[in-house]
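Chemist: Got a structure for you, questions after.
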Amino acid sequence: MNADGRTRLNQMPEWTALAKHREELADTHLKDLFAADQRRGIGYVLQVGDLYIDYSKHLVTDETLRLLRELAAATDVFALRDAMFRGEKINITENRAVLHTALRAPRDAVIEVDGENVVPKVHAVLDKMAGFAEQVRSGAWTGHTGKRIKNVINIGIGGSDLGPAMAYEALRSFTDRTLTVRFVSNVDGADLHEATRDLDPAETLFIIASKTFTTIETITNATSARTWLLDALGDASAVAKHFVALSTNAEKVAGFGIDTANMFEFWDWVGGRYSYDSAIGLSLMIAIGPDRFREMLDGFRLIDDHFRTAPAEANAPLLMGLLGIWYDNFHDAQSHAVLPYSHYLSRFTAYLQQLEMESNGKHVARDGRQVEWQTGPVVWGTPGTNGQHAYYQLIHQGTKLIPADFIGFAEPVAELSGEVRAQHDLLMANFFAQTQALAFGKTADEVRAEGVPDELVPHKTFQGNRPTTTILARALTPSVLGQLVALYEHKVFVQGAVWNIDSFDQWGVELGKVLAKRVEPALTEGAEVPGLDASTEALVSRYRQLRGR
Ligand code: F6P
């Protein structure tokens, strides 16, 4: 029993039932499941908004899904979901509400935190963002010298970078192509250097995105960016026209020298990795315009409503979360691949890495005790078809089980034309072929029948039985992007709820930050750093030697 009165997950009868069921299915191949049910290909699907989600190529039966749903019921996933939507402080280690869903709530919604309806504040900021975005897009907002802003650089890291950077790439074809929009995150000065080296400071707007406004990478890059600007424009008052801030911390923003009139606010109940539809999305809004941004928010909201109201059997985030648990906890899968067949989703998996791994990379349960079950998997992947020529070999014929999500679109973006547009069918032929090959493989007999010499038959045989989800939509629009992101947000929620971990804190990133601060003087001044281990001490001394210090 847990301190919170909940039976430990791995002692629940629903857990034991799943473990037993897994044994019973051990020799069942996906081929058997498809042979036994002619309608599986159209039966194991969900249509949610614009997303057609096919989960037929999973190692599950109706019984598996029923047992998984029972686990979700036993772990009170829907009760925690309702508490989240109500604004209760379910982020227990930080005593905070978890209300990214309020960021896309309609104007007339009422969602209270500590007795205050937060929805009017959300819309006030969205309106302010829209006004500013329009000014930049129209040229009404000019730089210090009166020149039009042509370049927008978002400086932020983690949740203050990955979301807008991913979405900007995803929605490139909806962007104002006369604007150059770049994202700087790495404290490696090369990042800022490459982003600014060909730009005119007089035409450049910096958006400093940081929830806390204390993150060392962001403040360092912002300080260097200010120097770059002032070196060129020579007047400290230029900051007012070239720097805006996105933050929850007005005091620190003012301390940095940015007028809080040029600050776009969000709140502590928005987690960094859940924040790109808040003020953190300003760079994206400038790029695609407020209307497209609002379409994206509508997409998020569509999935929020679905997650909140759909029954368990038809609830897509619940299903995806439970499928992940099936492999993670009952098949010992260590990782999960997300493979978008869209060049525009090139940053999507990187975005999900933070969303999933910072949320569910935890070994302590909500009651403070060590978990005795696996939690979040390693999330990885790159857009098809590039991955096919790199690591798919391992997915097809390696020794590891790697469940994968394939995401594809029926139509290429409108902008593509002629030959380039025609390539889309080939891209999608690969998309469909891969999940087929992964599921059904190729038997030794089939290989032999092709005249392959006996000694090569084992090498050319594919076992199949590799599980995949296929998510198909008509086109990658702002709304569809919002739907996809919300789907994964809530999937992560479901998994964290079942694993009984706090998916909304991130204490695991703190230690490295503290140690970096401690080590820095050793690099720069050769200062004695007490408590350095022998390996790090030797490395630091080698580094200083190489730098000629
Ligand atoms: O990586 C830790 C983290 O706190 C993330 O959760 C967050 O998205 C990122 O740093 C950036 O934080 P901030 O927006 O406060 O600069």
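Chemist: For Gln423, what charge total do you get from the other residues with a beta carbon under 14 Å from its beta carbon, if Lys and Arg give +1 and Asp and Glu give -1?
Modeler: Once all neighbours under 14 Å are counted, the net charge is -3.
Chemist: Assigning unit charges at the beta carbon (Lys, Arg +1; Asp, Glu -1) and nothing else, what dipole magnitude in debye, to the nearest 20, does segment 252-387 show about its Cα centre?
Modeler: 200
Chemist: Something else: Mind checking the angle between helix 534-546 and the chain's longest principal axis? C-alpha axes, 0 to 90 degrees, to the nearest 10.
Modeler: Orientation of helix 534-546: about 50 degrees from the principal axis.
Chemist: On to the next question. Quick one: check the C-alpha center-to-center distance for segment 266-290 versus segment 101-130, whole angstrom.
Modeler: Between the Cα centres of segment 266-290 and segment 101-130 lies a distance of 13 Å.
Chemist: Taking θ = phi - 60°, what integer Hz values does the Karplus form 6.51 cos²θ - 1.76 cosθ + 1.60 yield along segment 328-341, in sequence order, with x for Gly and Pro?
Modeler: Ordered by residue, 3J(HN,Hα) equals 5, 9, 10, 10, 6, 5, 9, 9, 9, 9, 10, 10, x, 9 Hz.
Chemist: If you don't mind, another one. Over the Cα atoms of segment 102-288, what is the Rg over Rh ratio if Rh follows Kirkwood? Mind dumping the intermediate values first?
Modeler: On the way: Rg = 15.8 Å, Rh = 16.5 Å.
Using only Cα positions, Rg/Rh for segment 102-288 is 0.95.
Chemist: How much area per residue is accessible in the chain when the probe is 1.4 Å and only protein heavy atoms are counted (Å²)?
Modeler: Values: 23640 Å² over 549 residues.
Using a 1.4 Å probe on heavy atoms only, each residue of the chain averages 43 Å².
Chemist: Summing -39500 (n - 2.57) over the DSSP H runs of n ≥ 4 in the chain and dividing by its residue number, what mean residue ellipticity at 222 nm do you reach, to the nearest 500 deg cm²/dmol?
Modeler: Estimated from H runs of four or more residues: -14000 deg cm²/dmol.
Chemist: Just to be sure I follow: if Rg is taken over the C-alpha atoms of segment 306-365 and Rh is the Kirkwood radius over the same atoms, what is Rg/Rh?
Modeler: 1.01
Chemist: Gap in Å between the Cα centre of segment 325-386 and the Cα centre of segment 291-320?
Modeler: 20
Chemist: In degrees from 0 to 90, rounded to the nearest 10, what is the angle of the helix 478-499 Cα long axis to the longest principal axis of the chain?
Modeler: 70
Chemist: Evaluate 2.2 N^0.38 Å with N set to the residue count of segment 236-361, then give the Cα radius of gyration divided by it. Let's see the in-between values first.
Modeler: On the way: Rg = 18.9 Å, N = 126, 2.2 N^0.38 = 13.8 Å.
With N residues counted in segment 236-361, Rg over 2.2 N^0.38 Å equals 1.37.
Chemist: Continuing with the same structure: Can you give me the orientation-averaged projected area of the convex hull built on the Cα atoms of segment 360-461, in nm²?
Modeler: Answer in nm², one decimal: 11.0.
Chemist: Just from the alpha-carbon atoms, what are the Rg and Dmax of segment 461-549 in angstroms?
Modeler: 23.6, 60
Chemist: How big, on average over all directions, is the shadow cast by the Cα convex hull of segment 1-127, in nm²?
Modeler: Mean shadow area of the hull around the Cα atoms is 11.4 nm².
Chemist: Tell me, what is the 1.4 Å probe accessible area of Lys442, in Å² to the nearest 10?
Modeler: 60
Chemist: If you count only protein heavy atoms and use a 1.4 Å probe, how large is the accessible surface of Glu194, to the nearest 10 Å²?
Modeler: Only protein atoms counted, so the area is about 110 Å².
Chemist: Remind me, what semi-axes does segment 189-284 give for its equivalent ellipsoid, largest first in whole Å, using sqrt of 5 times each Cα gyration tensor eigenvalue?
Modeler: Ellipsoid half-lengths, sorted descending, are 23, 15, 12 Å.
Chemist: Taking the alpha-carbon distance from Lys513 and a cut-off under 23 Å, which lysines remain once sequence neighbours fewer than 8 residues away in the same chain are dropped?
Modeler: Partners within reach: Lys211, Lys252, Lys362.
Chemist: Roughly how many Å² of Arg177 are accessible to a 1.4 Å probe, to the nearest 10?
Modeler: 130
Chemist: Out of the total accessible area of the chain (probe 1.4 Å, heavy atoms of protein only), what percent is carbon and sulfur?
Modeler: For the chain, the apolar C and S fraction of the accessible surface comes to 51 percent.
Chemist: Check which residues have an amide H placed less than 5 Å from Phe243's amide H, if you skip close sequence neighbours.
Modeler: So Phe243 has HN proximity to Phe206.
Chemist: From the C-alpha gyration tensor of the chain, pull out the three semi-axes of the equivalent ellipsoid (sqrt of 5λ each), sorted largest to smallest, in whole Å.
Modeler: 41, 28, 27
The values are calculated or read from the model by the stated rules, or taken from the named source; none is laboratory data. The model shown is predicted, which means the values in this text are computed figures rather than measured ones. FYI the Cβ positions are ideal-geometry reconstructions off the backbone, even for glycines, and counts take in every protein chain you see. These area figures cover heavy atoms from the full protein model, side chains too; ligands, DNA and RNA do not enter into them. Shrake-Rupley method; radii C 1.70, N 1.55, O 1.52, S 1.80 Å.
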